[in-house]
Amino acid sequence: MAQPKEIFVRLDRCMGCHSCELACAVEHSQSKSLYSAISEKPTPQSRVYVEWVPPDNRLPVLCRHCEDAPCMHACICGAISRTEEGVVMTNADKCIGCWTCVMVCPYGVIGRHLQEHKAYRCDRCPDLEIPACVNSCPTKALVYRTVDEFSKDVRRVASREMLSGEGG
Amino acid sequence: MANNERRYVIIGASAAGMAAAEAIRQSDSTGFITVLSEEPVQPYFRPMIPFLISGKKSVADMTLVGQGPYSGTGIDVRLNSKAEAIDTKNQTVTVQGGDLVLYDRLLIATGSRPYIPPEIEGTEAAGVFALRTLTDALAAADCAAQADHVVMLGGGLLNLKAAFALLERGLDVTLVVYSPEVLSQLMEPDDAVLIRDALNKAGLKIMTDCSATHILSQAGGVNGVLLNSGQEMFCQMVCIGKGVFPNVNFLEQSDVQVDQGVVVDRFTACNAANVFAAGDVAVTFDPITSDRIVTGLWTNAVEMGRCAGYNMAGRTTEYTGTFGILNATQVADEPFVSMGIVHTSGTDYETHVFSTRNTYRKLVFSEDGERLVGAVFVGDISHAGLYRYVMREKMDVAKIKPFIIKHTLHYGHLLLP
Amino acid sequence: MAGDNGNSNKSTDPAVQEMIAKAESMNVVTVWDRYEAMQPQCGFGDTGLCCRNCLQGPCRIDPFGDGPDKAICGATADVMVARGLDRAIAAGTAAHSGHARHLAHTLLKMAEGKAKDYTVKDGAKLRAVSTRMNIPIEGRSDNEIALDLAKAALADFGEKDTPVMWAATVVTKDRVKVLTDLGLVPKGIDYEVSEIMHRTLYGVDADAVNLLLAGLRCGVADLAGCYMGTDLADILFGTPTPVVTEANLGTLKADAINIAVHGHNPVLSDLMVTVASDMKEAAVAAGASGINMVGICCTGNEVMMRHGIPSCTHSVSQEMALMTGALDAMVVDYQCIMPAVVNVAECVGTTIVTTMDLCKITGATHVEFSEEAAAEKAKETIDIAIQNFSRRKNKPIDIPEIRTPVVAGFSVEAIVAALSKVNAEDPLKPVVDNIKAGNIRGVCLFAGCNNVKVPQDKNFTVMARKLLKENVLTVATGCGAGALMRHGFMDPANVDDLCGDGLKAVLTAIGEANDLGGPLPPILHLGSCVDNSRAVALAVAVADYLGVDTDKLPVVASAAEAVSEKAVSIGAYAVAAGLPTHVGVMLPVLGSPLVTEVLTAKVKDLTGGYFIVDLDPESAADQLLSVIDERRAGLGL
């Protein structure tokens, strides 16, 4: 099986604009349109969280779809499973809102939909070629790549920086 | 012996047993996995029992196999197969009816059963339930359909959830609690104020500081409860939720070491060769206090069961223990999480308490203030897993303490300290 | 610091810290909580790389170069940033001149006999200003002159034959030439604001430098608005003279009816002071000891300068005045009133009274003010406070026991008057001589607000401490003055501690010549934020005396904790006037290296002034000192 793509964060690129949060909420709305989504009930929720580490670090945090997903094993009703692409999914129909997943997620990326009484998290936008957050990022701080591609990119940037550093 | 012929036998088809079976299958694609279940029904998610009672979920919704991580194939679950004894020399399990099952690796995952206080008279009457199995739950649901008033004995989480399920069915429910407040195992009375308010508002009648002495019955079954105060309450149904204790009776004749529960090492192995134990039946330890504990939690049982499964299949995996208290749930629209050391009155732990009209939190730090050792969140439980992580990893909290106290910790704080 | 309560990262004012702790204990949400909730703030807005000026937008430009490098219309980062800055300057100009126009209308109504509660309080200033405006004064009554002056003021808003007179007549002759050559003389105050809105419209000005020049011109129009505001307020309410008073939350009185006036314009607050003095009986009848008026922000500065009304707090800590629980009413006009005051007020039982049609807040009580019925409306608002007093009977209130002595009231006229006690023939000579001799190394103006991003007052106090020790004569306006007064910088008793020997000697000499029995305060309070015009007037007077333009003077300005767009427009005119101008928080310009370069360096070649953006108060003070030395060297000193 080809290596699946994942969402990676380039930490130095995040501007803290929250565009990814909006795009995520819209993609997870009924209408998939910002203008309608704003007044939808249940209120669409973002599954990515732009956080701040003082003084000036901004970073989007979202589900890592852990290889050894603690949430999936902790779930007391079998609502969380892994797809073939490696996406850890919460099945809202099965979720009973016990919040055990919230208690065991070490990244703090499982949200609680209070109107629905359901847990939710990143599903990597199954209907989209590229996840909405990645698509919305104006600085490409979020990228959608395979692990290999991403580490190659990182190496490329590092070597370019090294070269330019040496070149003065 | 080659792996592809290895015979894995698991006694118990609930959280620990089924999680172990999955973990074994992950690591060993060809070994024979046999799960012995004393129950007459296919494995199911036991914590969903209250939903069955309330009618929100059906038996089908509770099915375990094929759901969540339980997708492994070639796992032979034998129903109505209660283990009666084990022989660790010959590596056999005697199943009710006399069958002998041979094992190369054995997992004891028999779980626990409800504790029925012997000092209460009349507990054997029809209409008295201890909600443990699906069978119990179905019977209780039938009984509830005929009842107007239920008395619940015990203020723990299981009973509260069941009480709510019955409230949702439109019954009058009275909770009789021996302690001064509900959930006393999970938090201190001050921590439970918001929850108590929500329970009251939801219409649950709660009597604290009292206990039942007799369950009264007549030919048709239960018709009342007599309290230690002398007060008599009429009811048609009684639920007992006074905790659980490990199912170890069948080990009496074996050489497996039992002390409260089955004693295991850090790799979930028993003293007898090729025998492992996990879940409610096993004695584990709390990574914070290092205390030996027996827990009755699905999540813990799964974690330990998976660990045992890996060890049985030859992937040596250390079990890191679990907090004695590790609960998240929502009762009466009030979500809460309680983890680690939360009973702090009379201790020297550094505690930070913050409460508003609709949220409450208590963060407990070690006496030197350098480690987070416990947390209670009520109302707002967001990011609870991060706090659990900080506790379990015994992280030095110097740089993140203000965020912990304010309940604003996020992953970025751990990533970019 | 005692009573820090762990809030020193929020405010360095111990009284404020005490109230933050109280707010936390009561779960009252304040500006610091909202700031935290807002993190992280969007980096595009922060760097000026976000444009919403047309309906094709919003557009954002990626400063890292991976994403869009132009707006949809094609605007570059430079254009986008310059447009954004221009609009901020226009907003600030609109606000200051709106304040001035309100005063002009009041003066007009007074002169026409329609606003009986107002009179000309300073006939000499009326005549001086009118003379500057070429309005005849000989043999004319106050009202006749005032009528012409009010009309001249209103005429300055639109395009006419002459440029904006309140700009063209208030700077040095050389500066008029500089501004004329650069095309920076405003045609009309409203004209410039309006033109900024035009040129920043979709598809108009797309030349960053041209945009910035227009911004500077609008900034000069802002100087006119400020200057007019000061002139007309002095005429109507009196030109300030030194006055002894106090500042900080300790000026609230537990047993009195406490009324805070908050906002900017003295049109209402000055009348309230007068009317309140006649209402003691009503207050006593309600069970109070009397009426205690206090000020917040610039309207507080206005009534402090003219009446010695104490200042209770300023800017970012305005909610903290409410947190005491001791305020019976907060009467607001406009500008810098955080809408959140109504939420805090609800928690503590204070009534917020809005008074101006352009500044209503949902949840507040509105009493529509009119100049025609000014005293009556003032009484109505005070009555609200008196009625509200009963609510807090027997309820605990928390007034921090913190009060700082303040000597305020330093209008340019008052400074010249004080100096003339030293040298009656040539009042400016003592100051200029001391500058030449080095006893005064230079002059620094502190202006502007408190920004939640800075621990309140920290930048002001750290910088002032350093500059005073280095013998920099320091003046302050607005909430910068508020910050410094609450930390004792306007208490003459602190001159010994705070000032270098040269400055100490000068302040002491002037003080003694005026029989004050001691020095002037370490920092001179010039007034509200429109009164930055007084700093310009002072600089122009010194420049004229020396026969040089203002861009040669060792005079600098600092908006160390700026918030409002008004601070941006003030900064623009300070730069246009030739002053090196420090800003202690980030301006939204970093997205354009060109605009950043122009504002901090290139503009120096045009006007002599420029921006110094430095978020560290220690190094900012060092930078200002080196600029002062550079200017001294330029003058051969």
Longest segment of chain A lacking GluC sites (Glu not before Pro) that sit in a DSSP loop with at most 12 other Cβ atoms within 10 Å: A:1-66
Chain C: C-alpha gyration tensor shape, a/c 1.5 cut-off, then a/b vs b/c: rounded
Cα gyration tensor, chain B - rounded (a/c under 1.5), prolate or oblate: oblate
Difference of contour (0.36 nm per residue) and Cα-Cα distance, A:S36 to A:R156: 39.0 nm
For chain C: accessible area per residue (Å², 1.4 Å): 35
Probe 1.4 Å, protein heavy atoms only - accessible area per residue of segment B:128-242 in square angstrom: 41
Candidate residues B:F267, C:F446: accessible-area rank, largest first, probe 1.4 Å: B:F267, C:F446
Estimated distance in nm for a label pair at C:K173 and B:T347, the labels positioned 7 Å out from Cα along Cα-to-Cβ: 8.4
Å² of accessible area per residue within segment A:64-121, as computed with a 1.4 Å probe and no ligands counted: 36
Drop in accessible area of at least 50 Å² in the complex versus isolated chain, residues of segment B:391-417, 1.4 Å probe: B:K406, B:H410, B:Y411, B:L416
Label point distance in nm, C:E618-C:S141, each placed 7 Å from Cα along Cα→Cβ: 6.4
Principal-axis tilt of helix A:147-167 within chain A, Cα atoms, nearest 10 degrees: 30
Theoretical FRET efficiency, 1/(1+(r/R0)^6), r = Cβ-Cβ of B:E168 and C:C54, R0 60 Å, to 0.05: 0.65
Under 27 Å from the Cα of C:K436 - lysines, other chains or at least 8 residues apart: C:K173, C:K177, C:K421, C:K466, C:K469, C:K504, C:K552, C:K604
Total accessible area lost when C and A pair, probe 1.4 Å, Å² to nearest 100: 1300
Contour excess over end-to-end distance, with Cα ends at C:D426 and C:I397 and 0.36 nm allotted per residue: 5.2 nm
Spin-label zone in segment B:386-417 - amide nitrogen under 18 Å from a point set 7 Å from the Cα of B:T356 along the C-beta vector: B:403-410
Cut-off 14 Å, label 7 Å out along Cα→Cβ of A:E84, residues of segment A:1-35 by amide N: A:1-4
Residues along segment B:50-84 losing 30 Å² or more of accessible surface when the other protein chains are present rather than the chain by itself (probe 1.4 Å): B:F51, B:K57, B:Q67, B:G68, B:P69
Dipole magnitude (debye, nearest 20) for segment A:64-121, charges at Cβ of Lys, Arg, Asp, Glu: 200
Summed residue charge, Cβ within 14 Å of C:G113's Cβ, Lys/Arg positive, Asp/Glu negative: -3
For segment C:52-76, residues shielded by at least 30 square angstrom of accessible area compared with the chain on its own, probe 1.4 Å: C:R60, C:F64, C:D66
Highest-MSF residue in chain B out of B:F365, B:F403, B:F45 [GNM, Cα springs under 10 Å]: B:F403
Residues B:N249 and B:E119, FRET efficiency given R0 of 25 Å [Cβ-Cβ distance, rounded to 0.05]: 0.75
Pairwise label distance in nanometres, B:E367 with B:T316, each label 7 Å out on the Cα-Cβ vector: 3.6
Gain on full stretching of the segment that runs from C:L358 to C:D515 - 0.36 nm per residue minus C-alpha separation: 52.0 nm
Pairwise burial A:B, computed as accessible area of each alone minus the pair, summed, 1.4 Å, Å²: 3000
Amide N proximity, segment C:27-56 versus C:Y202 label position 7 Å along Cα-to-Cβ, cut-off under 18 Å: C:50-56
Residues B:V59 and C:A375, FRET efficiency given R0 of 60 Å [Cβ-Cβ distance, rounded to 0.05]: 0.15
Point-charge dipole on Cβ atoms (K/R +1, D/E -1) for the protein assembly as shown, about Cα centre, debye to 20: 1140
Surface share of carbon and sulfur [accessible, 1.4 angstrom probe, percent] for the protein assembly as shown: 52
Bridge type composition, chain C - antiparallel percent by DSSP, nearest 5: 15
Radius 15 Å from Cβ of C:D501, net charge of other residues (Lys, Arg +1; Asp, Glu -1): 0
Whole-number Å³ per residue for the convex hull built on Cα positions in the protein assembly as shown: 208
Under the span-like rule (Cα at least 30 Å along the axis, Kyte-Doolittle mean at least -1.0), DSSP H helices of chain C: C:77-111, C:208-237
Set of aspartates and glutamates near C:K395 by C-alpha distance (under 17 Å), chain-local residues within fewer than 8 positions excluded: C:D255, C:D328, C:E346
Cα gyration tensor, segment B:341-415 - rounded (a/c under 1.5), prolate or oblate: oblate
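The values are calculated or read from the model by the stated rules, or taken from the named source; none is laboratory data. It should be emphasised that the depicted structure is a prediction, and the values quoted were computed from it without experimental measurement. For neighbour counting, all protein chains shown are included, and Cβ atoms are generated from backbone atoms with ideal geometry for every residue, glycine included. The area values use the complete protein model at the heavy-atom level, side chains included, leaving out ligands, DNA and RNA. Shrake-Rupley method; radii C 1.70, N 1.55, O 1.52, S 1.80 Å.
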